[in-house]
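> Questions regarding the structure given below will be posed in turn.
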Amino acid sequence: MSNSINTNLSAMVALGSLRTAGSMLATASKQVQTGYRVADAMDDSSTFTVAQGIRGNLQAFQAVQASITNGTGLGAVTDAALTNISNLVGNLQAKITQLADGSISNSQRTIYAADFGAMTNQISTFIRQANYNGVNLLSNNSAAKTFLADVNATTITMSSRSTVHTAFTTFAASSVSSVTSATAALTSLSTFGNAVSAALGGAAADSRTLRLQSDLLNSVIDATTTGMGAMVDADIGKASASTQSLQVRQQLAVQSLSIANQQPQLILGAVR
């Protein structure tokens, strides 16, 4: 390649190679530093715009997941309270049956009645403590609670189970001081037990719906995240290897430029 003092073609070629290597090195280094092949609009405007839209969708999905998690927590607390109440209903039936036995002594009746009172108080405690994030579906006059199911604002409803409180209030007023009153208490207990069983089945169904929706949403979030990653994530191993090779290429370009810049001096030497 011929050269002149005014136009050093070798230097121009070496400089172009240096610029190319520098640009490619900057791109590879950015991928290593950020972890993204498309970190901003300068890398790929169309892909970045699409990715930003997907990121917005993911934020919406996360908001829905937070709502479902809240519902799942309320369902778990409600289910636990109803299960414990249901267990006590069986114990109460046995205890009231003992109190309905006319052959027991007064001292025995006193002992059994005290046990009856303790279990009744425990049920009242379970109803009162079935509270999650300020919501108690077992409380008197409680309202149904809705939770987001998807990003289109579709909702899942957890129904009120206040019938348990109503039936319990009636049962708790029962007397077991005599055989007759204990027998009547068994009837009241049966009504309360049916209310508990119905509430337990309904609450469990609501909780199952929330759990299934949560599983689906997690799958959607995972798939969306994976798809977005395929669009914008960098191959870190490849980018790291490219960085090293481009650093060598850049150094060689600097040396080539240095050699090319010495050629005009050779021309001057020939003139002398």
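> At a temperature of 10 °C and a viscosity of 1.306 mPa s, determine how fast the stretch 166-247 diffuses translationally according to Stokes-Einstein, using the Kirkwood radius over alpha-carbon pairs as Rh; express D in µm²/s, rounded to the nearest whole number.
Using the Kirkwood radius from Cα pairs, D works out to 86 µm²/s.
> Below 8 Å, C-alpha to C-alpha, sequence gap of six or more: please give me the relative contact order for the chain in percent.
35
> Output the direction-averaged projected area (hull surface divided by four) of the convex hull of the alpha-carbon atoms of the chain, in nm².
Convex hull of Cα atoms, orientation-averaged projection: 22.8 nm².
> Work through the residues other than Ala144 whose Cβ is under 11 Å from its Cβ and net out their charges, Lys, Arg +1 and Asp, Glu -1.
+1
> Which length gain, in nm to one decimal place, applies between Ala153 and Gln62 when the Cα-Cα distance is subtracted from 0.36 nm times their residue separation?
Result for the pair: 31.5 nm of gain on full extension.
> Right, something else. Quote the Stokes-Einstein diffusion coefficient, in whole µm² s⁻¹, for the stretch 92-147, based on the Kirkwood radius over alpha carbon pairs, a temperature of 10 °C and a viscosity of 1.306 mPa s.
Roughly 117 µm²/s, to the nearest whole number.
> Kindly express, to the nearest 10 degrees and within the range 0 to 90, the angle between helix 236-271's C-alpha long axis and the longest C-alpha principal axis of the chain.
Helix 236-271 sits roughly 20 degrees off the main axis of the chain.
> Let me ask something else about it. Compute the FRET efficiency between Ser29 and Asn87 as 1/(1 + (r/R0)^6), taking r as their Cβ-Cβ distance and R0 = 51 Å, and round to the nearest 0.05.
Efficiency, rounded to the nearest 0.05: 0.20.
> What is the angle, in °, between the Cα long axis of helix 106-129 and the longest principal axis of the Cα atoms in the chain? Nearest 10 is fine, range 0 to 90.
30
> Sticking with this one: With Cβ to Cβ distances under 15 Å as the rule, what net charge do the other residues near Val50 carry (K, R +1; D, E -1)?
-2
> Considering the options Gln93, Leu189, Leu82, tell which one lies farthest towards the positive end of the dipole of the chain, charges being +1 on Lys and Arg and -1 on Asp and Glu at the Cβ, about the Cα centre.
Leu82
> Assuming R0 = 25 Å, what is the FRET efficiency of Asn140 and Ala198, from their Cβ-Cβ distance, to the nearest 0.05?
Once rounded, the FRET efficiency stands at 0.90.
The numbers here are math on the coordinates, done by the rules we state, and not lab data. Bear in mind that the values here come from a model prediction, so they are computed numbers and not experimental data. All Cβ positions, even for glycine, are placed from backbone atoms using ideal geometry, and neighbour counts span all protein chains on display.
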